[in-house]
Every structure is written in C-alpha cells, then in structure tokens.
Protein chains: 2
Amino acid sequence: MFEPVRPVRAYERVVEQIESALRRGDLRAGERLPSERELMRQFQVSRSTVREALRVLESNGLLRSRQGDPQGAELLPLSPDTLRRPMDKLARSGEISFEDLLQFRILLDGAASYLAARLHDETQIAAIRSALERLHSTVGAGRTAWSEADVAFHDAIAQATGNPLLQICSAVVRSVATGMIESEIAEAGDSAGLMDRWVRQHSRLFELIDARDGVEAAAQARRDLLEEYGVHLPADRRQLLADWIGS
Amino acid sequence: MFEPVRPVRAYERVVEQIESALRRGDLRAGERLPSERELMRQFQVSRSTVREALRVLESNGLLRSRQGDPQGAELLPLSPDTLRRPMDKLARSGEISFEDLLQFRILLDGAASYLAARLHDETQIAAIRSALERLHSTVGAGRTAWSEADVAFHDAIAQATGNPLLQICSAVVRSVATGMIESEIAEAGDSAGLMDRWVRQHSRLFELIDARDGVEAAAQARRDLLEEYGVHLPADRRQLLADWIGS
DNA sequence: ATGCATTTGTTCGTATGTATC
DNA sequence: AGATACATACGAACAAATGCA
C-alpha cells in the first residue's frame, strides 16, 4: 500500500529538473545553461550542490562545461553515443572473456552484414566502398592507419543497418576485442600477408552486400571473423563457434 | 607529432583511480570505500573534489553512499542497470525506436536460444524448466507476477549460453522494450488469452532447447517475438523483420 | 532507550587559473 | 593589455543521519 521512501539529495533534484527541462524541450541541444552562480540562485542551493549536479550531468553526456567560459555549460545533443561509455565499461569489466566477445561480435557483425545488404541506400553503399578503398591503400602503411581504416569499414556497414543499437554495440565490442589481442598482433611478423587476406575477405563481403545477398553476406562475415580471430581460442571452443555459424 | 591535450580535472583523476582499482580487482563489490575524509588524505584533494568523484561514480551505478554511514560508501556489483538507465532515456527521447529495439532483441534472443540449446547442462535446463513452470502457474495471477516470471524464463535461457555479455544485453533490451509498450499492454483487455499463447510458445521453445535443436530453437524464438510484438510496428517494417528471420 | 563519536549532506568564503570582450 | 565574469579547487563550518556503547 505504501511505497518505500529514499532520501532525495539536493543535487538529485537539480539533476532531475535539468533533465526534465531537456526532455520537455524547454532546453535544447546547443543552448547554454546559466552560470553556476546563477543556477545557485535559481535552485536556491549552494555552489557545491550545483557543481555535483553538473558533474553528474556531464558524466552522463548531457552537457559539457569549460573553465572560464562566460557563456555557461553547453547542452549536448542526446545521441546513442551516450551508450558507448557504459557499454565499454561492461565489456572491459574482466568478467567477459575473449571468447564471449568474439561470439558476440560474430553475432553482431553477421546480423549487421545481413541487414546492410538488405537495407543499404546509395549513400551508404558509397561510404562502404570508399572505406574499402581506403583500406586497400593503407596496406603496409603502418598498423594504426590500417587499423583505423578497418574500423571505418565496419562502422560504415553498421551504419547502413540504420539501427543505432547495433552500431554502438558492434563498435564497442570490436574495439574491446581488438584491444585484447593487440599486443599479439603487433608481434605477428608477417602482417602484410595478414592485411592482404583481410582486404580480400572484406572485398568479397562488400560485393555480397552490394548485391543485396544478405544471407551470404552474413555467412561471409562470420566465417572471416572466426578464421581471423579463432586462432586465439582453444580448439574445442573454436569448433563450437564453427558449428554455430555453419548452421 | 604531438597530441592535443585536454584539461583534466581533479575529480576525474579520482574517478579514474577508483575505477581502475575496481577493474583490477583491488576493490571488489561488497567492500567499502574509506570515508570521504580519509579519501581526501589519500588523494590529496579537498572534500568537494572527493565528493564530485563519488557522485559521478554513484550515478554510474558503481557505488552507493548513505548519509552518516560510518563504514563508507559501498561498492556495488556491476549490474545491467548501468546500461539500462541510459538506454531507457534514449528510447524515451525517441533516439532509439521501438523497431530498433525489437530488431536487436530478435537478434539476441535468437542467438541465445541457439546457444542455450547447444550448450546447456543439467542445472541450467532445470532452471529453465522451473522458470517455465512458474510461468504456467502465474497465468491469471496478475500482470506484475507474470511479467517477473517471463523475465526469469528468458534470463534462465540467457544464463545457459554461458556468455555474460549476451545475458546482460539481452536483459537490458528486453526490459527497455517491454517498458516502452507497457502502457499499451495494460490496456489490452484479453490478457488471459495472450498469456496462454505466450506460455504455449515458451513451452515449445523449451522443448527445442531441451532437445538441443539449436536451429529450430532460434527460429522459434524469433518467430514468437515478431508475432507478439510485431503488431506495434507498421506493416512494411514488420515485413522486413519477417524476411530477415525467415532467411 | 539515551547519548556519543563519526560520517555524510550542505553551505559559505576565499584564492587561483582561464576564457571572452 | 586590461577588465570582467567564469570555473576550479580548497578548507572550515554546521546539520542530519548512522552505529555503537
């Protein structure tokens, strides 16, 4: 009959009011918040309380404040990118193994390839194509440049699905997974051969997406991932994933 | 050659240190942080700075602090809530559509059903079975009880995949998606018939998982989701998802 | 049940570095 | 270059809550 009550702290009410003003549209992205001193007058709280509220809002990606800025804190657009940080923390939390990540990535990239093949429009396929060409041109141009181009290629595919959730999760899982094996890769001597194989596989994937063959695109993406990263797994776990994607 | 620098605020460095101690395992869930005064001694910063750091960590779900608690702030286990809160906000603001969520959920639950079918052990299949039985018994026992039993059923399946990332993402997406249509469902009159159909579908899914038929289990899970929730989508979007899972 | 020491919640005043005009 | 308003950070103080003797 009665609800449990939780002590509500002053800074929380400040956060609430600003958040709801943002939701209602009273405040919009790009606009500026009043200065901290003005906020303490309006909310009738101390400076510290205002600052705690601003810190929380800032860490949640809703605004950005700079020292000395006479215009006050800037309200940021609410974007799916706010999911990136918590997702990243989750994936790096240590309870997630490399196998978990690889499994999840195979799942996501397979689906992304399918959806991209089925749904892409001219702009999106052009973006994928140009990312692929950049990937081509960076073979042998150093690890970081090549790695960036690879990220851009997969991002372009994820973009073409039109699903922001898929896009974010895919990007996070990819970055965490590659980060986990980065050290090994750096030591792998014959990186030119590796890159060459990667580019061939990606070209094939692009053709399938371009041809709108979703089923084959998904299969190709999954096979490539397992082939490239499966070597980091024990044999039995690799076999399990192979069975999975073969079905 | 040089990297751009960003002013790093004192509280951020405090947050970083506590977060990394948590990642490394130097601090674990359930343990207590030193008091604020002790923290200001260790970090050599003022109390305000310590407090801003604690507020940020608290809003990210990593700890909880109560006024007057002599034991200090309590470190919390990482929970799906850290993802659910921001995703919930995005869904409510319209940045993520219901279709995005449904698509993602079909993706996750399909894969979870496949993996659960292939990988489950005795304990896990028993957990799924008992969750199903509880679901049976709660038909007509009120919405909240039934809803909880449904969550438990899907969680048990996700658990059986052995992939914590899949488990958490699945739980989050499920919770946000059902939250979005909760209001509509509450108004749907004939809930007994709905529940009955749900239970039949879930029973079939359980049988397929129990029989280790991963391919059919995945197909069943996807079909059921689309059938139940597809009504909330426009016809053309529903057709797209139908094509997808039919492939 | 009462009081006490400790801790967090909140406020205020001050000094300092910074951005903008 | 100087003035102004701003955010950053510190430290002291008081109120309220907690746990324990």
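Below is a table of values for the structure above.
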item: FRET efficiency, 1/(1 + (r/R0)^6) with R0 25 Å, evaluated for A:ALA21 and B:SER20 via beta carbons; result: 0.15
item: Distance between modelled label sites at A:GLU122 and A:THR144, nm, 7 Å Cα→Cβ extension; result: 3.8 nm
item: Kirkwood Rh in Å, taken over all unlike Cα pairs in the protein assembly as shown; result: 24.9 Å
item: Per-bin percent of Cα-Cα distances, segment B:73-194 [10 Å]; result: 12, 37, 37, 13, 1
item: Cα-based helix-to-principal-axis angle, A:122-137 vs chain A, degrees rounded to 10; result: 60 degrees
item: Nearest-0.05 FRET efficiency for B:VAL231 and B:SER137, computed from C-beta distance (R0 30 Å); result: 0.65
item: Space enclosed by the convex hull of the alpha-carbon atoms of chain B, per residue, Å³; result: 208 Å³
item: Choice from B:LEU225, B:LEU194, B:LEU132 with maximal GNM fluctuation in chain B (Cα, 10 Å cutoff); result: B:LEU194
item: Between helix B:98-119 and chain B: long-axis angle, C-alpha atoms, 0 to 90°, nearest 10; result: 80 degrees
item: Total charge dipole magnitude, segment A:81-245, about the Cα centre, Cβ charges on Lys, Arg, Asp, Glu only, Debye to nearest 20; result: 240 debye
item: Inter-centroid distance (Cα atoms) of segment A:51-125 relative to segment B:1-45, Å; result: 22 Å
item: Estimated distance in nm for a label pair at A:VAL215 and A:ASP243, the labels positioned 7 Å out from Cα along Cα-to-Cβ; result: 2.3 nm
item: Segment B:192-247, Rg to Rh (Cα coordinates; Rh as Kirkwood inverse mean 1/r); result: 1.03
item: Calculated FRET value between B:VAL151 and A:ARG32, using beta carbons and R₀ = 51 Å, to 0.05; result: 0.75
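No lab work stands behind these numbers, since they all come straight from the coordinates. These numbers come from a predicted model, not from an experiment. Don't worry about glycine lacking a Cβ; one is built from the backbone with ideal geometry, like all the others, and counts go over all protein chains shown.
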